[in-house]
Amino acid sequence: MRDSFVSAIMTAKKWMMKSPNLERRTMNQMHKQGLEGVSRRTFMAVVAGAAAANSVSAQQTAAAGAITLPELPYAQDALAPVISAQTIGFHYGKHHQGYVTTLNKLLPGTPFVGKTLEEVVRGTAGKAEYAVLFNNAAQIWNHTFYWHSLAPAGQGGQLSAGLSAAIDKSFGSLEKCKEALADAALKQFGSGWAWLVAEKGQLKVVKTPNAETPLTQDGVKPLLTVDVWEHAYYLDWQNRRADYAKAVLEKLVNWKFASENFAKA
Ligand code: FE
């Protein structure tokens, strides 16, 4: 049985590389090799193993050139009820993915082929001829940073001692810091972002329009962000952006992520 299993794995991997119709082909091949005795559970394990091998291969191919959509750091329903699975389904699955798809169509023929995402964002910032490239690249970076700025309620960890002291020094208290972020989220006119950043030892709250990002500003280190584009909250909160921002800041901030960013600032 063990020899049959090993043989089946080898067969499945071989066929997975050749054919998208893996299950049918693998079953046919197993029959040819006299492996009818292999159980369905074993067969599915073989398929899963082959699929995993194929997935690694796909990632390696992608890493060679294309920009990929990073994994969401939690399940799509993990931020509910503040941010519903439906919102994340569209926001991550359609908007964030859309920026990735568009950027990969725009990159060929530019000097940014093979560059990292950060290099594309920094290299295109402020250059009118690359405005569309910048918008898509920066939105990919901003959204990935946003997903990591959030955590399921109760799982956002603690402020580090260093960030806690810096917040007290710059804002007076954590509550005042959150109020400043909520105010920036509300007052950003139209689409954009509210950010907590570190600059020259000071913490500041800033807001940016559209795809603009503090990543491109010299000496400025983003610590956390709140997306205030309407697609971030409209399904759950409709026009109540202030309530969305307040709920995010009260319940979903990943203070561990912000603390790690501050430690690198
Ligand atoms: Fe967004």
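Bear in mind these aren't lab numbers, they're just calculated from the coordinates by the rules spelled out. Quick caveat: nothing in here was measured; it's all calculated off a predicted structure. Glycine also receives a Cβ, built like all others from the backbone with ideal geometry; neighbour counts cover every protein chain displayed.
If I stretch the segment between L186 and K169 completely, what's the gain in nm (0.36 nm per residue apart, minus their alpha carbon distance), one decimal?
Details: separation 17, 0.36 × 17 = 6.12 nm, distance 2.39 nm.
Length gained, L186 through K169: 3.7 nm.
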Legend entry - Globularity index of the range 81-230, i.e. its alpha-carbon radius of gyration over 2.2 N^0.38 Å: 1.11
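Working out 0.36 nm times the residue gap between E119 and D77, then minus their Cα-Cα distance, what length gain in nm do you get to one decimal?
Stretched fully, the E119-D77 segment lengthens by 11.9 nm.
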Legend entry - Cut-off 15 Å between beta-carbons: net charge of the residues surrounding A85, Lys and Arg +1, Asp and Glu -1: -1
Inset, instruction - Would you mind checking the radius of gyration and Dmax of the range 85-149 based on alpha-carbon positions, in Å? - result: 12.2, 38
Legend entry - FRET efficiency estimate (nearest 0.05) - Cβ-Cβ, N239 to K200, R0 30 angstrom: 0.20
Legend entry - trypsin sites (Lys or Arg not before Pro) within the range 184-248: DSSP coil, no more than 14 neighbouring Cβ in 10 Å: K200, R240
Inset, instruction - Note the full-extension length gain between N104 and K264 as 0.36 nm times their separation in residues minus their Cα-Cα distance, in nm to one decimal. - result: 54.6 nm
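How many Å³ per residue does the convex hull of the Cα positions in the range 161-263 occupy?
With only Cα atoms used, the range 161-263 gives 89 Å³ per residue.
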